[in-house]
Amino acid sequence: MDIYRNFIIDLYKNPLNKRKIANADITSSGANVTCGDRIRIYAKIDAKGKIKDISFEGEGCAISIASASLLTENAKGETLKKIAKWNYNDIFKWLGTELGPNRIKCGLLALETLQKGTEITSI
């Protein structure tokens with residue numbers, strides 16, 4: 001379990017893709033009011049509906065930031081249709097561990113925010 005904790009802490013301290021994308025095709029914000037996590041997802045989409053660039057900004061616990069980092073890495077090159085089918089099992093797989101009931105909202109915040117953004121985009 002320590003290896004997973006170290007992995008999550010490292011992503012928290014050194015998040016991947018944590019930046020704003022100017023002129024993003026998708027911008028979507030989400031929050032976890034019980035924990036105080038806040039996130040904003042940015043994505044550029046190509047003509048075929050694939051994510052060509054994706055990033056996030058926000059603040060939160062180690063799990064929410066690590067999940068956002070891993071989500072953005074795994075979403076690159078994927079279609080919006082495929083991303084719409086992702087769920088908590090994908091997050092657990094990327095994190096390398098399951099989350100307990102008190103932490104699942106933290107882990108799913110970035111995914112739910114991205115999926116919400118893909119629903120409202122006209123691309």
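The values are calculated or read from the model by the stated rules, or taken from the named source; none is laboratory data. Everything numeric in this text was worked out from a predicted model, so none of it was measured. Note that we place each Cβ from the backbone using ideal geometry, even for glycine, and neighbour counts take in every protein chain shown. In case anyone asks, the SASA skips ligands and DNA or RNA and just uses the protein heavy atoms, side chains included. Shrake-Rupley method; radii C 1.70, N 1.55, O 1.52, S 1.80 Å.
A few comments on the model shown:
- Among [x] 140; [y] 91; [z] 111, the entry that matches volume of the Cα convex hull per residue in Å³ as calculated here: [y]
- Net charge, residue 49 excluded, C-beta distance under 15 Å - Lys, Arg +1, Asp, Glu -1: +3
- Lys, Arg +1 and Asp, Glu -1 on Cβ, resulting dipole of the chain about Cα centre, debye, nearest 20: 240
- Centre separation in Å (Cα based) which lies between the stretch 55-123 and the stretch 18-39: 11
- Cα shape, the stretch 64-111, gyration tensor, a/c 1.5 rule: prolate
- The residues of the stretch 1-114 expose on average 54 square angstrom of accessible surface per residue, using a 1.4 Å probe on protein heavy atoms.
- Spacing of the modelled spin labels on residue 6 and residue 84, each 7 Å from Cα toward Cβ, amounts to 4.1 nm.
- GNM top mover of 49, 30, 60 - the chain, alpha-carbon springs below 10 Å: 49
- Cα gyration tensor category, rounded, prolate or oblate, for the stretch 1-44 with a/c compared to 1.5: oblate
- For the stretch 42-82: rounded, prolate or oblate by the Cα gyration tensor [a/c cutoff 1.5]: prolate
- Residue-count net charge about residue 59 - beta-carbon cut-off 12 Å; Lys, Arg +1, Asp, Glu -1: +1
- Calculated [θ] (222 nm, deg cm²/dmol) that DSSP helices of n ≥ 4 give over the chain, each run adding -39,500 (n - 2.57): -14000 deg cm²/dmol
- 17 Å Cα-Cα reach of residue 50 towards lysines, excluding residues that sit fewer than 8 places from it in its own chain: 76, 81, 82, 85, 116
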